[in-house]
Amino acid sequence: MTDDDRLGFSLFALRLSIFVVMAVWTADKFLNPGHAAGVYAHFYFIGKDFSGSFMMIFALLESALILAFLAGFKKRMTYGAVFLLHSVSTLSSWKIYLDPLGSPNILFWTAWPMLAACFALYMLRDRDTKFTVCSLFCPAEKKKPD
């Protein structure tokens, strides 16, 4: 296996694992909008009445984003948006990080390596070509970084 193959499979593994986490968060918005609204109220200071139709619209938009992200479609935009969403999510929990051993849930700390993975994937997006829409369907002359 060449270095390019190893890099390609590694970047695909990052993209797939980030997608899985984001898909669970998106599913929560569809399946338990009250819980998702509570998270938004607590961490993002958005009212709890955010749970109705608006949460469903947000979940649909987020679904489209993460599916495009998984497909490697418009990488500058989709990888950047996923990185931005996860950055806001990670940084909005800042109070928990001030007391690392006393926080209610030490799983919040797992957000940092995922944030680093989002950053790495964004920075290496032009090298992330394994199993992307363009690598599978674009003619060779159209395979330009986006």
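The values are calculated or read from the model by the stated rules, or taken from the named source; none is laboratory data. Because the structure is predicted, anything quoted here is derived from the model rather than measured. We place every Cβ from the backbone using ideal geometry, glycine too, and count neighbours over all the protein chains shown.
Are any residues in region 110-123 in contact with a Ser or Thr (Cβ under 9 Å, 6 or more places away or on another chain) and either surrounded by fewer than 14 Cβ atoms within 10 Å (Cβ to Cβ) or in a loop (DSSP other than H, G, I, E, B) (or both), and if so, which ones? The answer is TRP112, and nothing else. Could we say that LEU14 is surrounded by 14 or more Cβ atoms within 10 Å (Cβ to Cβ), within 21 Å of THR110 (Cβ to Cβ), within 15 Å of the chain's Cα centre (by Cα) and of a type in the set (A, V, I, L, M, F, W, C) here? Yes. Number of residues in region 87-109 that are surrounded by 11 or more Cβ atoms within 10 Å (Cβ to Cβ), at pLDDT below 80 and in a loop (DSSP other than H, G, I, E, B) equals 1.
Could you tell me whether CYS134 is in a helix (DSSP H, G or I) and at pLDDT 95 or above? The answer is no for CYS134.
In region 124-140, the qualifying residues are those that are in contact (Cβ under 8 Å) with a residue 60 or more places away in the chain and buried (at least 18 other Cβ atoms within 10 Å of the Cβ), and the one that is farthest from HIS86 (Cα to Cα) is CYS134.
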